[in-house]
Amino acid sequence: MQEKILVLDFGGQYNQLIARRVRDQHVYAELKPYNKITVEEIAAEGYKGIIFTGGPNSVYDPASPHYDKALLEAGIPILGICYGHQLLAWMAEGKIGSAGNFSEYGKVTVKHSGGVLFEGVPEESTFWMSHTDSVMELPEGFTGVASTGMCKVAAMEDPARKLFGVQFHPEVQHSEYGKQVLHNFLFKVCGCSGDWHMDDFCKRSVQQIREKVGDGKVLLALSGGVDSSVCAALLAEAIGPQLTCVFVDHGMMRKNEPEEVRKAFENWDINFVGIDASTRFLKALEGVTEPEAKRKTIGEEFIRVFEEEGKKIGSVDYLAQGTIYADVIESGAGDAATIKSHHNVGGLPDYVDFKEIIEPLRSLFKDEVRQLGRELGLPEYLVSRQPFPGPGLGIRCIGDVTREKLDILRDADAIFREEVDKAGVKDANQYFAVLTDTRSVGVMGDMRTYGYTVALRSVTTDDFMSADWTRLPYEVLEAAGTRIPNEVKQVSRVVYDITSKPPATVEWE
Ligand code: XMP
């Protein structure tokens, strides 16, 4: 039987990240909400270990998520992280509290005194913390094995019962030895051997899709981006001729993109339908300027087009989408706040005329999706494309969306992307132009101009959940800053966006 780890979700923004970090170490992990699985079910599933996630609550708050204390006696190793660490201490009868006004947020130096979790970790190293409450009194059987200047019990262990807790977040990239701590838990405590690989995900998904769909028909919303292309390949592998891929040109694609997508997919051995729906999308967007309203309008229009296509084909039960984890979490899942409604999740209308929506990539991060694409034999140019949001240039065109503004943006964006590509900037993972609704005065050939301001955005990231702005070479910025106002006459000014995510997001809307 394949080894697997249960990540028990107590609510929080980045809990899939823990599951993902476990998978990174070739151990299969699945995330389940704490209130959807009982101790008996956990024991029956044969998990090698359990990780309690963080969460925004305080354990003594009656509304906070708790778990059956019997789990501690089930003989399954447990690692509690942040809130999960406090919850573990509370379940084992320790004491939690907050010492006055103190909270630790960000990078903190953690000093440890040994123990299996810290094997291979220097006595002092940096971990990322975000908490107000702490373990104040250790439960019986536990020893404190790490501390910070402010937090007495930054880590605790009860090796006899294989129970461990860490106040810090080992799953976060900024935790220098986070990977090592997780590795120690998985391999030295739980006894995992690392038998999970992306081809297992692929096989498992193909199997699940076949079981769910049977001999039914599936319509896939294909945008030509990485996610929907990988989804298409996965579905093609699972159900082949039962699949129809519909590419909708909503009029907000990048320059030459509709033609490129058609060319890339028309020769595949799949049913492919390309539709120019730009007029109806732009009509629906008339007068819509608020970002969330734009996303919802575009999302709704997409569904209506797919419903109509489904009816033309006849008896289509399933609509498939290449939704990935970032879309789900940013659209607000469980207790996490809505950042923006990714059109294929939060942008869906209340009523959808399909029996079910299937999203086989929903638990994967962007780089895992790329890995899966390679596994499925997709060409590198498709797999390594930079992401492009479902609502397209509609959310990069600030204010109202018109054909004229989209054309200006398309031209400016093509120039910027060409310059970044030409320079071969390695750490630019997504780069594009935004047409702001600010106009400014310029001078060209002794004449006054009053044109649009274009903002350039480039981010460096591996999972798009957080991102840094790219330190583009000045030469690239200079070339874009010169060419755009010269070649796109409605633009009189170009600026570069130097905000990271957080506090900004990648897209402007
Ligand atoms: P944000 O702006 O949320 O973007 O920081 C993170 C990543 O997600 C992409 N994005 C979307 N992708 N549908 C998508 O398929 C959407 O509605 C959507 N909104 C943002 C964005 O381009 C970036 O890569």
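The values are calculated or read from the model by the stated rules, or taken from the named source; none is laboratory data. Everything numeric in this text was worked out from a predicted model, so none of it was measured. For neighbour counting, all protein chains shown are included, and Cβ atoms are generated from backbone atoms with ideal geometry for every residue, glycine included. Ligands, DNA and RNA are excluded from the accessible area calculation, which covers all protein heavy atoms including side chains. Shrake-Rupley method; radii C 1.70, N 1.55, O 1.52, S 1.80 Å.
The reciprocal of the average 1/r between distinct C-alpha atoms defines the Kirkwood hydrodynamic radius, which for the stretch 1-46 equals 11.2 Å. For the chain, adding -39500 (n - 2.57) for each run of n ≥ 4 DSSP H residues and dividing by the number of residues yields -9500 deg cm²/dmol at 222 nm. Suppose R0 equals 41 Å. What FRET efficiency, 1/(1 + (r/R0)^6) with r the Cβ-Cβ distance, do Asp68 and Thr499 give to the nearest 0.05? Given R0 = 41 Å and the Cβ-Cβ separation, E is 0.40. Computed from Cα positions, the angle between helix 366-375 and the longest principal axis of the chain comes to roughly 80 degrees. With equal scatterers on the alpha carbons only and no solvent term, can you work out the Debye log10 of I(q)/I(0) for the chain at 0.07, 0.13 1/Å? After summing over all Cα pairs, the log10 values are -0.45, -1.25. Can you tell me the 0 to 90 degree angle between the C-alpha axis of helix 403-423 and the longest principal axis of the chain, rounded to 10? Long axis of 403-423 versus the principal axis of the chain: about 60 degrees.
Rounded to the nearest 20, the size of the Cβ-charge dipole of the stretch 402-496 about its Cα centre is 360 debye, with Lys and Arg at +1 and Asp and Glu at -1. Residues whose amide H comes within less than 5 Å of that of Val495, counting only those at least five positions distant or on another chain, are Val454, Ala455, Leu456 (H built at 1.01 Å from N in the peptide plane). For Glu140 and Tyr351, what is the calculated FRET efficiency with R₀ set at 56 Å and r taken between the beta-carbons, to the nearest 0.05? Approximately 0.55, to the nearest 0.05. Using 0.36 nm per residue and subtracting the Cα-Cα separation, the extra length available between Arg262 and Glu478 on full extension is 74.4 nm. Computed from point charges on the beta carbon alone (+1 for Lys and Arg, -1 for Asp and Glu), the dipole magnitude for the stretch 4-189 about its Cα centre is near 400 Debye. Spin-label model, Gln208/Arg374: points 7 Å from Cα along the beta carbon direction are separated by 2.3 nm.
The slack in the chain from His197 to Thr109, taken as 0.36 nm per residue of separation less the alpha-carbon distance, amounts to 28.3 nm.
Only the Cβ atoms of Lys and Arg (+1) and of Asp and Glu (-1) were treated as charged; on that basis the dipole of the stretch 104-209 about its Cα centre amounts to roughly 180 debye.
For Arg403, project a label point 7 Å along Cα to C-beta. Then give me every residue of the stretch 283-309 with its amide nitrogen under 16 Å of that point. Residues 283-287 fall inside that zone. Axis of helix 257-266 versus longest Cα principal axis of the chain: the two differ by about 70°, to the nearest ten degrees. Antiparallel as a % of all DSSP beta bridges within the stretch 413-509, to the nearest 5? In the stretch 413-509, approximately 75 percent of DSSP beta bridges are antiparallel ones.
A 1.4 Å probe, protein heavy atoms only, puts the accessible area of Ser223 near 50 Å².
Backbone phi angles across the stretch 471-481, fed through the Karplus curve with coefficients 6.51, -1.76 and 1.60 (θ = phi - 60°), yield HN-Hα couplings of 7, 5, x, 4, 4, 5, 5, 5, 4, 5, x Hz in residue order; Gly and Pro are listed as x. Largest first, the residues Trp469, Trp508 sort by 1.4 Å accessible area into Trp508, Trp469. Straightening the chain between Asp367 and Thr289 buys 24.8 nm, computed as 0.36 nm per residue apart minus the Cα-Cα spacing. Surface calculation, 1.4 Å probe, protein heavy atoms: Leu17 sits at approximately 20 Å² accessible. Straight-line cross-link reach from Lys32 at under 18 Å between alpha-carbon atoms covers these lysines, not counting any fewer than eight positions away in the same chain: Lys4, Lys48, Lys69.
All Cα-Cα distances of the stretch 118-206, cut into 5 Å bins from zero to the largest, leave 3, 12, 20, 21, 18, 11, 6, 5, 3, 1, 0 percent in each bin in turn. A cut-off of 5 Å between modelled amide H atoms, ignoring neighbours fewer than 5 places along the same chain, links Asp317 with Lys217.
Mean projected area of the Cα convex hull of the stretch 1-94, taken over all directions, amounts to 5.8 nm².
Lys-Lys pairs in the stretch 198-383 that are eight or more residues apart or on separate chains and whose Cα atoms lie under 15 Å of each other come to 11. Considered as an equivalent ellipsoid built on the Cα gyration tensor, the stretch 198-383 has semi-axes of 24, 20, 17 Å, the largest given first. Ratio of Rg to Rh for the stretch 4-189: 0.92 [Cα atoms; Kirkwood radius as inverse mean 1/r over pairs]. Over the stretch 402-496, the pair-distance histogram of Cα-Cα distances with 10 Å bins from zero comes to 16, 47, 29, 7, 1 percent, rounded to whole numbers.
Using C-alpha pairs below 8 Å separated by at least 6 residues, the relative contact order for the chain is 10 percent. Surface composition of the stretch 402-496: carbon plus sulfur atoms contribute 50% of the solvent-accessible area (1.4 Å probe, protein chains only, all chains present).
Counting only heavy atoms of the protein chains and using a 1.4 Å probe, Arg20 has close to 10 Å² of accessible surface.
For the chain, the solvent-accessible area with a 1.4 angstrom probe is 42 square angstrom per residue. Placing unit charges on each Cβ (+1 for Lys and Arg, -1 for Asp and Glu) gives the stretch 220-301 a dipole about its Cα centre, and among Thr289, Leu243, Thr279 the Cα reaching farthest toward its positive end belongs to Thr289. I need the calculated FRET efficiency for the pair Asp61 and Gln386, taking r as the beta carbon distance and R₀ as 35 Å, to the nearest 0.05. Taking R0 as 35 Å, the efficiency between Asp61 and Gln386 is 0.25. Backbone amide hydrogens, once placed in the peptide plane, bring Ile51 within less than 5 Å of Leu6, Val7, Leu8, Leu79, excluding anything fewer than 5 places away on its chain.
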